[in-house]
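Here's the structure, in structure tokens; my notes come after.
Coordinate-derived values only; no laboratory data. Nothing here was measured: the structure is a model prediction, and the numbers come from that model. Every residue, glycine as well, gets a Cβ built from its backbone with ideal geometry; the counts of neighbours run over all protein chains shown.
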Amino acid sequence: MENQKINRTFRLQILTFFILLFAAGYSGAQVDSLTAKLNQIKSLRSAVGMSVAVIKGDSIVYSKGFGLRDVTRNLPADDSTVYRIASISKMVTATALMTLNDQGWINLDADISNYLGFTLRNPNFPNDIITTRMVLSHTAGLRDGTGYDGFLNATYNQSPPPHLKSLLQSGGQYYTANMWSSTLRPSANYFSYANINFGVIGTIIENISGQRFDIFCRDNVFIPLGIDGGFNVRNVANVNNVAVLYRKSGGSWVPQTDNYQGAYPPAPNLSNYVIGTNGVIFAPQGGVRTSVNGLAKFMIMHMNGGVLNEARLLSDSSAAMMQNPRWVYNGSNGFNYYGIFNAYGLGCSRTADLLPGETLYGHPGEAYGLISDLYFSKVKDYGIIFMTNGAIWGSGTYSGWYNMEEEVFKACLSELPDLVTSAEEKSEAANTAPLTISAHPNPLRLNSEAEEITFTISGSSKKSGISRLQIINVLGQQIDEIRVEINGNGKQEILYPARKLARGVYFCAYFEENKVKAVKLILE
């Protein structure tokens, strides 16, 4: 009887082994199949480079890069390649604002002027208030009029940059009448997609929080979600990962932006910038830089109603408000951008056109030769992220998206049922310690015997190279940055002189490739 029991156990172990082996092999076959389809699309559309991620539930089940992120240096694109993601950034900006909504700092239906520091009105309808909800949903009557480009140029090149009201108030230096609808009241709920809406949102985030927009988003969105990237390229852990964005000119691919060639650009001169006067300087409408793996974390958080890995970034009601349409196209109540925007919430659109029959939530982007898409299904619990840094595309065959976008999403959907995390990947994940950072002593009493703070970083997957540890105060100001030399043993210890810091609370963030981990440090 005992021998029979042992034999049954042995047979069960063998059966389990082959089931897992089969699952792993089958998954690999499906990954290869999707890779082949995406390679074909890359070749068909002459893409410089592209990256794709597919999510099921809480897992990234496929992530891969194709082609080059940098033609001059012959650097390949992969799933950690960082792109300037264009208008998907609007969804990130809206998320940052909704964290303030959850804390009770803003009433989305109150006069937005309360949060701007100046009166925002359509000069044609001066008695009609404009709300934050209207601006987030592109229904406030704002337009990217002819004054917008001159204002942008001055914002990026003058110190200090011009005040936002110089563009939006009648009589302002950059104001033009076509910045506003001349015929439609804000209450008409007419949709007109405009980048300036999110310049306004970035500015009210600064006014409410008292922090620069890029710093607020870093501390309240990117670091909590463990995402490498942000609205400031200097928040990217490795500038060599940043994709150059290209357009074809004649027979050559010509860089349009982010051609950093391995060196961070000089920090902008913000010494004269007054927080809350012009958040446009940080490109809240399109300036996020991150990878498909980074965006996958952001997407999973939204798919889960504001939660990632049991950590809540948004309340479920705020996540739902973003996703649920505030405006739905009826044929005459807005410009639907050639069919891309037929339903729009708060910085998030809903569509059944990109994948016919599939209701998806998310946002597209296009700028400087890049196209990007982040869309997920709430019902079927999957998502697809796609970015290319340059390609030759044309109009879509059945939607307002480009043919390349349609092809990528159809390919991912066709392979979705069989994309699973392999047994080998699960085993490896189970046996790999997560990346963590700790500080000791913490709290630390100044003038005590402890003269140094020991930062311990565990679970590093890098074999060698340089990473960064930033020390940030409660105002979001970077106090110091420490270069961390990776030694390949999965654990680092950094000794830091306590005398360099004053009493207070600090946020210590460690950046490694597409991961960010942080610890709060208290000095008494």
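Here are labelled values, (1) 105, 51, 49; (2) 90, 69, 52; (3) 85, 63, 41, and one is the computed Cα extents along the principal axes in Å for what I pasted. Which one? Correct label is (2).
For the chain, the share of DSSP beta bridges that are antiparallel, to the nearest 5, is 95%.
Of the peptides 346-355, 408-417, the order by per-residue mean of other Cβ atoms within 10 Å, starting with the highest, comes out as 346-355, 408-417.
The packing ranking of peptides 195-205, 34-44, highest mean first, is 195-205, 34-44, where packing means the average number of other beta carbon atoms within 10 angstrom of each residue. For the range 216-307, what does the alpha-carbon gyration tensor say about shape, rounded, prolate or oblate, given a ≥ b ≥ c as the root eigenvalues, a/c under 1.5 as rounded, and a/b over b/c as prolate? Taking the square roots of the gyration eigenvalues as a ≥ b ≥ c, the range 216-307 is oblate. Each Lys or Arg adds one and each Asp or Glu subtracts one; over the other residues with Cβ under 11 Å from the Cβ of Q256, this totals +2. Chymotrypsin sites (Phe, Trp or Tyr not before Pro), restricted to the range 71-138: which are DSSP loop and have at most 11 other Cβ atoms within 10 Å? Sites meeting the loop and neighbour criteria: none at all. The Cα atoms of the range 65-178 give a gyration tensor whose axes a ≥ b ≥ c have a/c of 1.5 or more with a/b no greater than b/c, which makes the shape oblate.
Computed from phi, the 3J(HN,Hα) profile of the range 65-79 under the Karplus parametrisation 6.51, -1.76, 1.60 (θ = phi - 60°) reads x, 9, x, 10, 8, 8, 5, 4, 9, 6, 9, x, 8, 9, 7 Hz, with x in place of Gly and Pro.
Once backbone amide H atoms are built at 1.01 Å from N, T290 has Y83, I85 as its partners under 5 Å, excluding neighbours fewer than 5 places away on the same chain.
Counting other Cβ atoms within 10 Å, which trypsin sites (Lys or Arg not before Pro) in the range 60-143 have at most 14 and lie in a DSSP loop? Sparse-neighbourhood loop trypsin sites (Lys or Arg not before Pro): R73.
Apply the a/c threshold of 1.5 to the C-alpha gyration tensor of the range 104-257 and tell me whether it is rounded, prolate or oblate. Cα axes put the range 104-257 in the oblate bin. Taking every alpha-carbon pair under 8 Å whose residues sit at least 6 apart, the range 239-326 reaches a relative contact order of 15 percent. Normalised by the number of residues in the chain, the mean separation of alpha-carbon contacts (under 8 Å, six or more apart) gives a relative contact order of 18 percent.
Helical runs assigned H by DSSP (4 residues or longer) give the chain a calculated mean residue ellipticity at 222 nm of -8500 deg cm²/dmol, each run adding -39500 (n - 2.57) before division by the residue total.
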